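Data block below; observations after.
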Amino acid sequence: MNAEVLKKTAVASSRKMIPSDFLFTSDEMKDAIDAAAKRAAEEVIRRLPAQPRPAHVTQKQAAEMLGISQPTVSKLVKSGALKLNKCGLIPIAEIDRAIQAVSRD
């Protein structure tokens, strides 16, 4: 919607006036929605029970944690980008390192 259309003015409805405080520009509405979504997400995270992280994960678990397919994890292991321990599991430190590498890009 056009910002001109959403100007902060009182608008007459069928029975009463809407105060100008209740009207927003599209940018103000977007900011308000973003802030509300952020607060809701923070509240959900706050209420989640703390779950211990495993020291090592399977390739399937690593794929889920990294948001990639299991064959892609297998390729990363074969290329040496992800290292396995002696039991064939991926140390959680490797997962953390991969996540940090992606977030820096």
GLN61 - would you say it is among the polar types (S, T, N, Q) and either more than 25 Å from the chain's Cα centre (by Cα) or surrounded by 12 or more Cβ atoms within 10 Å (Cβ to Cβ) (or both)?
yes
For the stretch 55-105, which residues satisfy the criterion of being of a type in the set (D, E, K, R) and not in a loop (DSSP other than H, G, I, E, B)?
LYS60, GLU64, LYS75, LYS78, GLU94, ASP96, ARG97, ARG104
The lone exception for GLN51 - which of (1) loosely packed, with under 10 Cβ neighbours inside 10 Å; (2) under 18 Å from the mean Cα position of the chain (by Cα) it fails
(2)
Scan of the stretch 21-74 for residues that are over 22 Å from SER103 (Cβ atoms) and acidic (Asp, Glu), ordered by number
ASP21, ASP27, GLU28, ASP31, GLU43
Of all residues in the stretch 73-103 being exposed (fewer than 14 other Cβ atoms within 10 Å of the Cβ) and of a type in the set (S, T, N, Q), which is nearest to the chain's Cα centre (by Cα)?
SER103
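Where a number appears in this text, it was derived from the coordinates with a stated rule and is not lab data. It should be emphasised that the depicted structure is a prediction, and the values quoted were computed from it without experimental measurement. So basically every Cβ, Gly included, is an ideal-geometry build from the backbone, and we count neighbours across all protein chains shown.
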